[in-house]
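Working notes, beginning with the structure itself.
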Amino acid sequence: MTSTSCYQCHAETEITIINFADGEADSLRLRLKDFPLRECPAGHRQFVRPDFAAELLYHLTEEDEPELPAGKEKGLILKKYLCQSCGEALEPKPDHRHTFSIEVRLEDLDPFGVDLSMPVYKCSACEKEQLHSLKEVRKLTPAAMAHAFEAANIPPPPGVL
């Protein structure tokens with residue numbers, strides 16, 4: 001169950017909201033917006049529940065990211081990225097960066113936001129803009145999320161490291 005006492009000083013914690021925390025991994029920038037956490041009077045922070053980070057990661061990679069426009073990755077060593085709509089090769093250089101805003105709804109919490117910002121590539125045939133591949137985004141999400149948690153000064157729960 002959710003611990004309401006601080007892991008560090010054992011004082012009572014309260015749920016508070018931080019405006020934002022940013023994390024980055026390679027080409028992915030991740031921003032947590034209006035993000036819930038627990039904080040004690042001494043300013044120590046912790047997740048709202050011990051399994052929160054895993055719950056958020058699962059939500060993003062399994063429920064939200066599959067909805068993003070993403071090409072198909074082909075090849076083991078020499079990678080090619082194909083348009084999800086028409087199958088033609090995507091341009092080798094990104095057209096621009098795009099931010100995808102996601103509203104996250106997890107049990108017993110008010111909704112909060114996650115912005116994922118990545119380069120998008122344009123299909124030369126149908127001109128659809130998309131990420132290189134979903135696999136690429138999923139690979140970068142855990143590290144970007146961890147960096148955002150570090151930026152928000154939220155340590156892992158006891159016993160995780």
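What follows draws every value from the coordinates through simple rules; no lab data is involved. None of these values were measured; they are calculated from a predicted model. Please note: Cβ atoms are built from the backbone with ideal geometry, for glycine as well, and neighbour counts cover all protein chains shown.
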Filtering region 18-29 down to residues that are assigned to a strand (DSSP E or B), out of contact with any Leu (no Cβ under 6 Å at 6 or more places or on another chain) and touching a residue at least 60 places away in the same chain (Cβ under 8 Å) yields I18, D22, E24, R29
Output for region 106-161, where each listed residue is farther than 30 Å from L82 by Cβ, surrounded by 19 or more Cβ atoms within 10 Å (Cβ to Cβ) and more than 14 Å from the chain's Cα centre (by Cα): I154
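I need the full set of residues from region 4-36 which are in contact with a strand residue (DSSP E or B) (Cβ under 8 Å, 6 or more places away or on another chain), among the small types (G, A, S) and surrounded by fewer than 18 Cβ atoms within 10 Å (Cβ to Cβ), in order please.
Applying the first criterion (in contact with a strand residue (DSSP E or B) (Cβ under 8 Å, 6 or more places away or on another chain)) to region 4-36 yields 4-7, 11-24, 27-36.
Now restrict to residues that are among the small types (G, A, S): 5, 11, 21, 23, 27.
Once the filter is applied, which keeps residues that are in contact with a strand residue (DSSP E or B) (Cβ under 8 Å, 6 or more places away or on another chain), among the small types (G, A, S) and surrounded by fewer than 18 Cβ atoms within 10 Å (Cβ to Cβ), region 4-36 yields S5, A11, S27.
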Right, T99: among the β-branched types (V, I, T), touching a residue at least 12 places away in the same chain (Cβ under 8 Å) and outside any strand (DSSP E or B) or not? no
Filter region 111-142 for residues that are touching a His at 6+ places or on another chain (Cβ under 8 Å) and free of Cβ contacts under 8 Å to residues at least 60 places away in the same chain; which is nearest to F35 (Cα to Cα)? V120
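Of the residues that sit in region 37-95 and are outside any loop (DSSP other than H, G, I, E, B) and among the hydroxyl-bearing types (S, T, Y), which one is surrounded by the most Cβ atoms within 10 Å (Cβ to Cβ)?
In this case the residue turns out to be Y81.
Keeping to region 46-85, report how many residues are of a type in the set (A, V, I, L, M, F, W, C) and touching a Pro at 6+ places or on another chain (Cβ under 9 Å).
Looking only at region 46-85, we keep the residues that are of a type in the set (A, V, I, L, M, F, W, C), and these are 47-48, 52-54, 56-57, 60, 68, 70, 76-78, 82-83.
Next, only the ones that are touching a Pro at 6+ places or on another chain (Cβ under 9 Å) stay: 47-48, 52-53, 57.
So the answer is 5.
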